[in-house]
Amino acid sequence: MTAEPTNDDDAAWVTIETPFDADRLRRFLEDIKRLYRINSMLEFEELRQTGDREYRLKAKNLSNGRSVETDLEVRRADGGVIVTYSNGLKTSTTFRVDPKPDGNAQLVVTDDYGGTSGEEREARIDEVDKSLVQWGSDLHRYLRLSKRWSAVPGWNLYMRRVWQPMKPSARRICYLLSMITLAEFVVFLMVFSVFWLELDKFLD
């Protein structure tokens, strides 16, 4: 995964390697609410669909400490989708699917700030969304997990109904508790195995 600014500094992008082909990745982009909820730097107060390809977003951006309140308008573009914003310094976010020779595809996410002048962007520099690299990392991790576990019964339902609505802090706590539970289970198995071997020797 790589992240780069454009030459004129009107935009920045991140390129994400994915385990899916172009068609599967384009279908993944159809769920706009999921795309934004995967971003662990956004703590949502509201994210709902208000019309055909239109959404309302209200959240705190943990990457810059700013509150975000805007309408989203989604339109299809060649190779992906473009989301435009009604408010804020950022004009749009583009999700583009780039097929690769090996059969998989890359996902390129671009934040565009071209709707304002350079002077205004400089004056409002604290509004720049610094979450792009983390968002790319979150998308990369989610897609890899989806490739590995989506065939397991209940996984997709859990991710959609439980994991996605969680706040980032709740996800971290849930992950930590899961790791602790797994460690405790491993220790239990080790203790049980030792007990069983010793019991077998005693019975002999």
Inset, instruction - Please work out if Asp71 is at pLDDT below 95 and either farther than 25 Å from His140 by Cβ or surrounded by 13 or more Cβ atoms within 10 Å (Cβ to Cβ) (or both). - result: no
Inset, instruction - Only residues that are hydrophobic (A, V, I, L, M, F, W, C), farther than 17 Å from Leu42 by Cα and exposed (fewer than 13 other Cβ atoms within 10 Å of the Cβ): list them for region 146-169, please. - result: Ala151, Val152, Leu157
Inset, instruction - Could you tell me whether any residue of region 1-13 is touching a Gly at 6+ places or on another chain (Cβ under 6 Å) and open to solvent by 50 Å² or more (accessible area, probe 1.4 Å)? - result: yes
Legend entry - Spans of strands (runs of 3 or more DSSP E) in region 3-95 with at least 1 residues charged (D, E, K, R) and farther than 28 Å from Ser150 by Cβ: 42-51, 54-61, 66-77
Legend entry - Only listed residue being open to solvent by less than 60 Å² (accessible area, probe 1.4 Å) and farther than 30 Å from Gly88 by Cα, chosen from Gly114, Gly103, Gly136, Gly118: Gly103
Inset, instruction - Please enumerate the residues belonging to region 38-58 that are open to solvent by 30 Å² or more (accessible area, probe 1.4 Å) and on the phi < 0 side of the Ramachandran plot. - result: Met41, Glu43, Phe44, Glu45, Glu46, Arg48, Gln49, Thr50, Asp52, Glu54, Arg56, Lys58
Legend entry - The one condition in (1) surrounded by fewer than 18 Cβ atoms within 10 Å (Cβ to Cβ); (2) in contact (Cβ under 8 Å) with a residue 24 or more places away in the chain that Leu143 fails to fulfil: (1)
Legend entry - Residues that are under 16 Å from Ile82 (Cα atoms) and of a type in the set (Ser, Thr, Tyr), drawn from region 43-57: Tyr55
Inset, instruction - Please indicate, with yes or no, whether at least one residue in region 118-131 is touching a residue at least 60 places away in the same chain (Cβ under 8 Å) and closer than 24 Å to Leu25 by Cα. - result: yes
Legend entry - Some residue of region 79-97 being surrounded by fewer than 16 Cβ atoms within 10 Å (Cβ to Cβ), over 22 Å from Arg56 (Cα atoms) and without any contact (Cβ under 8 Å) to a residue 24 or more places away in the chain: no
Inset, instruction - Give just the number: which of (1) under 17 Å from Tyr113 (Cβ atoms); (2) of a type in the set (S, T, N, Q); (3) open to solvent by 20 Å² or more (accessible area, probe 1.4 Å) does Asn61 not satisfy? - result: (3)
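The values are calculated or read from the model by the stated rules, or taken from the named source; none is laboratory data. Please read these numbers as outputs of a predicted model, since none were measured by experiment. FYI the Cβ positions are ideal-geometry reconstructions off the backbone, even for glycines, and counts take in every protein chain you see. All accessible areas refer to the heavy atoms of the entire protein, side chains included, with ligands and DNA or RNA removed. Shrake-Rupley method; radii C 1.70, N 1.55, O 1.52, S 1.80 Å.
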